[in-house]
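Bear in mind these aren't lab numbers, they're just calculated from the coordinates by the rules spelled out. None of the values given here were measured: they were computed from a predicted structure. Please note: Cβ atoms are built from the backbone with ideal geometry, for glycine as well, and neighbour counts cover all protein chains shown.
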Amino acid sequence: MIDHDRLFKELLSTFFIEFIELFFPQVMTYLEPDSIAFLDKEVFTDVTAGERYEADLLVKAQFQNRSSYFLVHVENQSYNQANFNKRMFRYFARLYEKYDLPIYPVVVFSYDKPQKPAANSYQLEFPDFKVLEFNYRVLQLNKLNWRDFLNQRNPVASALMAKMQIDTEDRPKVKAECLRLLVTLKLDPAKMQLISGFIDVYLNLDESEEQVFQTEISTIESEERSQVMEIVTSWMRTGIKQGRLEGRQEGFQRETELILRLLKRKIGQLTPGIEAQVQGLEIEELENLGEALLDFERLEDLTVWLENLSASR
């Protein structure tokens, strides 16, 4: 099973400032970016329901030009839950009691359905007066259109487009666009891997979609296309290793087919003999070819590579 909360927490903690800049820019007018500190995990136990909850992300930040601080509480909700607004209020109350600081509460609703607007408040009232109205910010991803974020040079946009409102037939295109945006950001390798892995988890394509995805990659500008292909090849190598560890021959076969498609995109049509040689490679050899093909420019480069491999066996 996918640990959605862990994935979102890792993404948002790594790119917290970028997340706030993208979706809550008004907060940046009073938040001091250099002051942020991630607080220890908070655990809440609901004795009556017999459940244990953990706050996803709690950040302490300083107000600009002031000596006072406030908290930003970001909660990811990956499934629709009745009375979630009440749970958010309980989080708020317990955090406020412990820290005695202003709290800016945010919920990221990352489920696919339903698409009706999620609640953004919790109220307690009597017929004659209102006792409480607790409000929180809502970011409901399935209400956002991925096309609105294509030109946002922000790593969080690159990742979260994968969870926005996407027509089924657009899934391969969105995956290609997420990667295109990612490679323009020039992040360090660890951050690139974090986002590309996030994209691959939430836009896991079937075989027919994969073919459309490869076509979409071919339309990307040359320099960016090469970098996107590097990411795709790294996914392939990871898939091969996973297949080796789990003994999934079927998975290995899919990776072989992917290598062949990448080769044809890079250097053109292969001869039947060359294609047969690629299909006959061992797992480690296929993994090495996946890396080497990024430097191929013509069929002769592949032929020489295969000849050198044969001579070294």
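Students often forget the sequence filter, so: which lysines lie under 17 Å Cα-Cα from residue 60 once same-chain residues fewer than 8 apart are removed?
Cα-Cα hits under 17 Å: 9, 41, 98.
Largest first and in whole Å, give the semi-axes of the stretch 4-143's equivalent ellipsoid, each being the square root of 5 times a Cα gyration tensor eigenvalue.
Over the Cα atoms of the stretch 4-143, the semi-axes work out to 24, 19, 16 Å.
Assigning unit charges at the beta carbon (Lys, Arg +1; Asp, Glu -1) and nothing else, what dipole magnitude in debye, to the nearest 20, does the stretch 161-312 show about its Cα centre?
Here the size comes out at about 340 debye.
If you take the beta carbon distance between residue 284 and residue 193 as r and set R0 to 22 Å, what does 1/(1 + (r/R0)^6) give as a FRET efficiency, to the nearest 0.05?
Working from the Cβ atoms, E equals 0.55.
If you compute Cα Rg over 2.2 N^0.38 Å for the structure shown, which of [x] 1.23; [y] 1.03; [z] 1.08 do you land on?
Derived directly from the coordinates: [x].
Among the aspartates and glutamates, which have Cα under 13 Å from the Cα of residue 86 when same-chain residues fewer than 8 positions away are ignored?
Straight-distance partners of residue 86: 46, 133.
So how do 214-227, 96-109 stack up, highest first, on mean other-Cβ count within 10 Å?
Ranking, from highest mean packing down: 96-109, 214-227.
Would you kindly compute the Cα radius of gyration of the stretch 161-312 and its largest Cα-Cα separation (Dmax), both in Å?
Rg and Dmax of the stretch 161-312, Cα atoms, are 15.6, 52 Å.
Ranked from highest to lowest mean number of other Cβ atoms within 10 Å per residue, what is the order of the peptides 142-149, 54-61, 158-165, 268-275?
158-165, 54-61, 142-149, 268-275
Could you work out how much longer the chain between residue 211 and residue 309 gets when fully extended? Use 0.36 nm per residue separation minus the Cα distance between them, nm to one decimal.
32.4 nm
Taking the chain as a Gaussian network, Cα atoms linked when under 10 Å apart, which of 177, 230, 300 shows the biggest mean-square fluctuation?
300
So what J values fall out for the stretch 124-141 if you push phi through Karplus, 6.51 cos²θ - 1.76 cosθ + 1.60 with θ = phi - 60°, rounded to Hz, Gly and Pro as x?
10, 8, 10, x, 9, 6, 9, 7, 8, 9, 9, 10, 9, 6, 10, 10, 9, 5
To the nearest 20 Debye, how big is the dipole of the chain about its Cα centre, given +1 on the beta carbon of each Lys and Arg and -1 on that of each Asp and Glu?
Rounded to the nearest 20 debye, it is 900 debye.
Give me Rg/Rg_expected for the stretch 114-228, where Rg uses Cα atoms only and Rg_expected = 2.2 N^0.38 Å with N residues.
1.40
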